[in-house]
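**Q** The structure that follows is given in the form of structure tokens.
The values are calculated or read from the model by the stated rules, or taken from the named source; none is laboratory data. Keep in mind that what you see is a predicted model, and the values were worked out from it rather than measured. Here the Cβ positions follow ideal geometry from the backbone for every residue, glycine too, while neighbour counts run over all protein chains shown. What goes into the accessible areas is simple: the full protein's heavy atoms, side chains included, and nothing from ligands, DNA or RNA. Shrake-Rupley method; radii C 1.70, N 1.55, O 1.52, S 1.80 Å.
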Amino acid sequence: GEELDGALELLASSSVDVIYLVDSYGSFYPEQVERLMDKFLDVSARYNKKLGVHAHNNQQLAFANTVEALSLGASYLDATVCGMGRGAGNCYMESLLSFLRNPKYDKVPLMDFVQRDMQKLKEEYTWGFDIPYLLTGIMNAHPSSAIKFIKEGRTDYTAFYRQLLEEGF
């Protein structure tokens, strides 16, 4: 709405080189990315800015949303090895590099890195898709409640969902 339009104008008229579409809650669907990118493209064209995308994987849509933003003009694509990131994580770099099909992206060193280092990290630091993150993504709620739910070792998903509903999400 108006608030986003004003913020985009303010950002675009600043000294930044890149404007990012960020899905902090992992709640966007590709059609929402398309609508938002239209706004971002309009502003970026007028101010000669580049566009980027940073998607969270609460609904398993970080890859799809990143590809959607790319197809519409984003040139900065955030991705992490094994989707590493807070909560549900981010777009999987392995998926994105495969999709881009650029021969200069050698995936053998990446697979070596995953095998050698990332498996241990994932055991030590938990991230990735889980039902509580899905629910916060669906409800457009900050993932902090899902993080707390998981840390407490809870599995009462129905109660958690009802809590989100009661909180107005």
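**Q** Name the residue that is most open to solvent (accessible area, probe 1.4 Å), counting only residues in the range 126-142 that are assigned to a loop (DSSP other than H, G, I, E, B) and touching a helix residue (DSSP H, G or I) at 6+ places or on another chain (Cβ under 9 Å). Even if it seems obvious, please write down each step before you answer.
**A** Residues of the range 126-142 that are assigned to a loop (DSSP other than H, G, I, E, B), as a first pass: 126-130, 139-142.
Cutting the leftovers down to touching a helix residue (DSSP H, G or I) at 6+ places or on another chain (Cβ under 9 Å) gives us 126-130, 139, 141-142.
Numbers: Thr126: 118, Trp127: 15, Gly128: 7, Phe129: 84, Asp130: 55, Met139: 23, Ala141: 1, His142: 72 Å².
The residue in question is Thr126.
**Q** Could you please find all residues in the range 119-142 being closer than 17 Å to Gly85 by Cβ, at pLDDT 95 or above and of a type outside the set (Val, Ile, Thr)?
**A** Pro132, Tyr133, Leu134, Gly137
**Q** Residues of the range 3-34 being open to solvent by 70 Å² or more (accessible area, probe 1.4 Å), of a type outside the set (Asp, Glu) and over 16 Å from Ala45 (Cα atoms), which ones?
**A** Hits for the range 3-34 are Tyr25, Tyr29.
**Q** Can I ask one more? Cβ-Cβ distance below 9 Å, separation of 6 or more or different chains: which pairs start in the range 93-120 with a residue that is polar (S, T, N, Q) and end on one that is open to solvent by 60 Å² or more (accessible area, probe 1.4 Å)?
**A** Correct list of pairs: Ser95/Phe63; Ser98/Tyr105; Ser98/Lys107.
**Q** For the range 101-125, name all the residues that are outside any helix (DSSP H, G or I) and loosely packed, with under 12 Cβ neighbours inside 10 Å.
**A** Those that are outside any helix (DSSP H, G or I) and loosely packed, with under 12 Cβ neighbours inside 10 Å: Arg101, Asn102, Pro103, Lys104, Asp106, Tyr125.
**Q** Go through Ala79, Ala69, Ala64 for me and flag whichever is in contact with a strand residue (DSSP E or B) (Cβ under 6 Å, 6 or more places away or on another chain), surrounded by 13 or more Cβ atoms within 10 Å (Cβ to Cβ) and within 26 Å of Trp127 (Cβ to Cβ).
**A** Details: Ala79 fails: in contact with a strand residue (DSSP E or B) (Cβ under 6 Å, 6 or more places away or on another chain); Ala64 fails: in contact with a strand residue (DSSP E or B) (Cβ under 6 Å, 6 or more places away or on another chain).
Among Ala79, Ala69, Ala64, only Ala69 is in contact with a strand residue (DSSP E or B) (Cβ under 6 Å, 6 or more places away or on another chain), surrounded by 13 or more Cβ atoms within 10 Å (Cβ to Cβ) and within 26 Å of Trp127 (Cβ to Cβ).
**Q** Could you check, for the range 77-86, whether at least one of its residues is out of contact with any helix residue (DSSP H, G or I) (no Cβ under 6 Å at 6 or more places or on another chain) and aliphatic (A, V, I, L, M)?
**A** Yes, there is a match, as at least one residue in the range 77-86 is out of contact with any helix residue (DSSP H, G or I) (no Cβ under 6 Å at 6 or more places or on another chain) and aliphatic (A, V, I, L, M).
Conditions tested, residue by residue: (1) touching a Cys at 6+ places or on another chain (Cβ under 6 Å); (2) assigned to a strand (DSSP E or B); (3) modelled with pLDDT under 95.
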position	(1), (2), (3)
Asp5	no, no, yes
Val16	no, no, no
Gln32	no, no, no
Leu36	no, no, no
Phe40	no, no, no
Val53	no, yes, no
Ala64	no, no, no
Ser71	no, no, no
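**Q** Going through the range 40-61 one residue at a time, which ones are buried (at least 18 other Cβ atoms within 10 Å of the Cβ) and closer than 20 Å to Tyr25 by Cα?
**A** Phe40, Leu51, Gly52, Val53, His54, Ala55, His56, Asn57, Asn58, Gln59, Leu61
**Q** Taking the residues in the range 73-86 that are part of a loop (DSSP other than H, G, I, E, B) and among the hydrophobic types (A, V, I, L, M, F, W, C) as candidates, determine which candidate is farthest from the chain's Cα centre (by Cα).
**A** Taking the range 73-86 and keeping what is part of a loop (DSSP other than H, G, I, E, B), we get 73-75, 78-79, 84-86.
With among the hydrophobic types (A, V, I, L, M, F, W, C) added as a condition, the list becomes 74, 79, 84.
On the way: Ala74: 14, Ala79: 8, Met84: 11 Å.
Ranking the qualifying residues of the range 73-86, first place goes to Ala74.
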